[in-house]
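Q: Questions regarding the structure given below will be posed in turn.
Nothing in this text is a laboratory measurement; each read-out follows from the coordinates by a stated rule. Quick caveat, the model's predicted, so the values are computed rather than measured. Don't worry about glycine lacking a Cβ; one is built from the backbone with ideal geometry, like all the others, and counts go over all protein chains shown.
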Amino acid sequence: MKPSDINLLQNCQLVEGLTKDEVDHLIGICELKQFAKGDTLFKEGEPSKNIYVVTEGLLGVRKHIIDKKDDNIPLLPVIAEQGAGEIVGEFSFFDGNPRSAEVFAMADTRALILDPETFHQFSNHFPQVSQKITVNLIKILIGRIRKANERLSIALEWGWEVHGFAK
């Protein structure tokens, strides 16, 4: 692992409020993996529970939708981009359900991978640290819900205008 990975994570929202030693402990339980541009980390519907913390590069999140004109043609719009210091995979990490979207490397990317079983063991040894991380994950999720609400409001407003409804 490069020293820049440790420095980056200290500025990552996931580890906000953690000491350098606590961040080092967390990094120690993670796997560092390299993804080439175009690699798929996981596909929508796959069983997988890991969180990926981007240390370098850019990941794209895309959701399968069906083309209304031809029900056999799936569309894969990129609905989010996550760069250095950001995470993906948190939904399945918490609820254990299959992946809700596909994630792929939009550029050469390095990421730390944290699985829930290892995090649970870590939590038993470092309960205060895991509590801080869990609170940070909740903050990240709340921020994403707020952004989704903003986008939904914009889409609804656009739809109303297209269909002739005035403000």
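Q: Which whole-Hz couplings ³J(HN,Hα) result when phi for each residue of region 15-24 is put into the Karplus expression 6.51 cos²θ - 1.76 cosθ + 1.60, θ = phi - 60°, listed in order with x for Gly and Pro?
A: Computed from phi, the couplings for region 15-24 are 10, 4, x, 8, 6, 4, 5, 5, 5, 4 Hz.
Q: Which residue, A101, A111, I145, has the largest displacement toward the positive end of the dipole of region 63-167 when charges sit on each Cβ (Lys, Arg +1; Asp, Glu -1)?
A: So the residue we want is I145.
Q: Same structure, new question: Build a GNM of the chain with springs between Cα atoms under 10 Å: which of A148, A111, A36 gets the top mean-square fluctuation?
A: Highest fluctuation of the listed residues: A148.
Q: In region 77-96, which residues have a backbone nitrogen under 17 Å from the label point lying 7 Å from D108's Cα in the Cα-to-Cβ direction?
A: Counting backbone N atoms under 17 Å from the label point, the list is 84.
Q: Pairs of lysine in the chain with Cα under 14 Å and at least 8 positions apart or on different chains: total?
A: On the way: K2/K33; K20/K132; K43/K63; K139/K147.
Close lysine pairs under the 14 Å cut-off: 4.
Q: I've got another one for you. What is the spin-label model distance, in nm, from L152 to S100 if the labels are put 7 Å beyond Cα along the C-beta direction?
A: About 1.0 nm separates the two model spin labels.
Q: What residue among G85, G143, G60 has the largest mean-square fluctuation in a Gaussian network model of the chain, using Cα springs under 10 Å?
A: Evaluated over the chain, the most mobile residue of the options is G143.
Q: Now, a different point. Which of the peptides 20-33, 97-110, 46-59 is most tightly packed, and how do the rest follow, going by the mean number of other Cβ atoms within 10 Å of each residue? Walk me through the numbers before you get to the answer.
A: Values: 20-33: 15.2, 97-110: 18.0, 46-59: 19.7.
So the order, starting with the most tightly packed, is 46-59, 97-110, 20-33.
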